[in-house]
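Below is one structure, written out as structure tokens, with a few remarks after it.
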Amino acid sequence: MASLMELRRRLNTIQGLSRISRGLRIINSYYMAGVRRDFEQMEAYDEALLDSVGAILGLLPSEVIQSSRFINAPSLAPRVVLAFFSDGGLCGNYNELVTEGLVSLKLTQNDRVYGIGTLAPDKLSDLGIKPVDYIGGLYQSKNTPLLVDFFLGITEELFSELWLVFVRSVPGKEGQYVTQKASPITLEVQARHGELIGEPEEIIDQVLSSYLTATMLRAFYSAAFSEFYMRWSAMTHAEDKAKELADSVKLKISQTRQERVTRELQDIVGGMNYGR
């Protein structure tokens, strides 16, 4: 049986871990709330952008629209995949879910894979994949201009398909991976009257590139919220578990102390009897 000193040392360790878990839970709760607001704003922006894209495309000749690389992509071009991993650990099975999503796409050597998240290179390496490029450390900083530049760089590629792989978590439910086919783009376009200034081919390329960038940003905010939520959930579970362990150790300390007192009383009583 552990000594009283060992039990107290164990209790201090558990209580220290509990404080760390509580601190991380509070931090991730703060980030989670911020990202949720950003995601809601992004959804409103997406609706406005979709209306604008439809209005602009409606002014273009149908043959120009159908010839766009984002509408009718070249079949011989490589497939591009953007995977959203986490920026750190302690977030449950977040990265395992992203890996499952990638495996479901049955990647080949011809696919060009990009990564989001500091852990992206390591996790992709585990799958035998070397990313074309990756960017990390942005879930907390939310450096939107840097993200937009990264996403626009992807849209400059010539690809047959663009897939997004990320995690979607809803409070109270287990996280799930999402494999979203972002391109070729399917949009309902109604002809409109009006005139645009510029070359139609350049206009549609810029408009649809911006549309894809917004789609990737929406996936980013979903991934960011999921990372913070799953880490918050893991830390909440760890804090609850630490409390259970602390209560158990406190009970053992109480029992050990009582046993010591009982033995001392027995020794005293035994000595008194011996003296008689």
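The values are calculated or read from the model by the stated rules, or taken from the named source; none is laboratory data. Since this is a predicted model, take the numbers as computed values, not measurements. A quick note on method: Cβ atoms are made from the backbone with ideal geometry, for glycine too, and the neighbour counts reach across all protein chains shown. Remember, those area values only see protein heavy atoms, side chains included, never the ligands or the DNA or RNA. Shrake-Rupley method; radii C 1.70, N 1.55, O 1.52, S 1.80 Å.
Got the relative contact order for the chain handy, in percent, Cα pairs under 8 Å and 6 or more residues apart? List each step's numbers first, then the result.
Values: 364 pairs, mean separation 90.1, N = 276.
Relative contact order, the chain: 33 percent.
Would you kindly compute the Cα radius of gyration of the range 128-276 and its largest Cα-Cα separation (Dmax), both in Å?
When restricted to the Cα atoms of the range 128-276, Rg and Dmax are 31.6, 117 Å.
Quick check: with the 1.4 Å probe, what order do Glu96, Glu174 take by accessible area, largest first?
Descending accessible area places them as Glu174, Glu96.
Just to confirm my numbers, what's the Cα centroid distance between the range 221-268 and the range 4-53 in Å?
Using only Cα atoms to place each centre, the spacing works out to 22 Å.
Size of the dipole of the chain about the Cα centre, Lys and Arg at +1 and Asp and Glu at -1 on the beta carbon, nothing else charged, in debye to 20?
Taking the Cα centre of the chain as origin, the dipole is about 2320 debye.
For the peptides 117-130, 182-195, what is the packing order when you average, over each peptide's residues, the other Cβ atoms within 10 Å and list the highest mean first?
Ranked from most to least packed, the peptides come out as 117-130, 182-195.
Using 1/(1 + (r/R0)^6) with R0 = 22 angstrom and r between the beta carbons of Lys106 and Arg168, what's the FRET efficiency to the nearest 0.05?
0.55
Roughly to the nearest percent, how much of the accessible area of the range 41-228 is carbon and sulfur, given a 1.4 Å probe? Don't skip to the answer; put the middle values down first.
Working: 4720 of 9570 Å².
Of all accessible area on the range 41-228, carbon and sulfur atoms account for 49 percent.
Kirkwood Rh over alpha-carbon pairs of the range 174-240, then Stokes-Einstein at 4 °C and 1.567 mPa s: what D in µm² s⁻¹, rounded to an integer? Please report the intermediate quantities before stating the final value.
Values: Rh = 15.6 Å.
Answer from the Stokes-Einstein relation: 83 µm²/s.
What is the set of long-range amide H partners of Ala182 at a cut-off below 5 Å, with H atoms built 1.01 Å from backbone N?
So Ala182 has HN proximity to Leu162, Trp163, Leu164.
Under a Cβ-Cβ cut-off of 11 Å, what is the net charge of the residues other than Ile135 that fall near it, where Lys and Arg count +1 and Asp and Glu count -1?
Working: positive: none; negative: Asp87, Asp133, Asp149.
Local charge sum for Ile135: -3.
Go through Tyr177, Ser233, Val148 and say which Cα lies farthest out towards the positive end of the charge dipole of the chain; charges sit on Cβ, +1 for Lys and Arg, -1 for Asp and Glu.
Farthest towards the positive end: Ser233.
Given the range 189-276 reduced to its alpha-carbon atoms as identical point scatterers, what log10 I(q)/I(0) does the Debye formula return at q = 0.13, 0.18, 0.20, 0.26 Å⁻¹?
Debye curve over Cα of the range 189-276, log10 I(q)/I(0) at q = 0.13, 0.18, 0.20, 0.26 Å⁻¹: -0.77, -0.95, -1.01, -1.17.
Which one of Gln66, Gln206, Gln258 has the biggest mean-square fluctuation once the chain is modelled by GNM with Cα springs under 10 Å?
Top of the fluctuation ranking is Gln258.
Multiplying the sequence separation of Tyr30 and Asp205 by 0.36 nm and subtracting their Cα-Cα distance, what value in nm do you get?
Gain on stretching Tyr30 to Asp205: 59.2 nm.
Once you compute Rg and the Kirkwood Rh from C-alpha atoms, what is the Rg to Rh ratio for the chain?
On the Cα set of the chain, Rg over Rh gives 1.27.
Using a cut-off of 30 Å between alpha-carbon atoms, which lysines can reach Lys241, once sequence neighbours fewer than 8 places away in the same chain are excluded?
Lys123, Lys173, Lys250, Lys252
Using a Cα-Cα cut-off of under 16 Å, which aspartates and glutamates could be cross-linked to Lys243, ignoring same-chain neighbours fewer than 8 residues away?
Within the straight-line limit of under 16 Å, Lys243 reaches no aspartates and glutamates at all.
Quick one: accessible area per residue over the range 6-51, 1.4 Å probe, rounded to a whole number of Å²?
Details: 3160 Å² over 46 residues.
Per-residue accessible area for the range 6-51 comes out at 69 Å².
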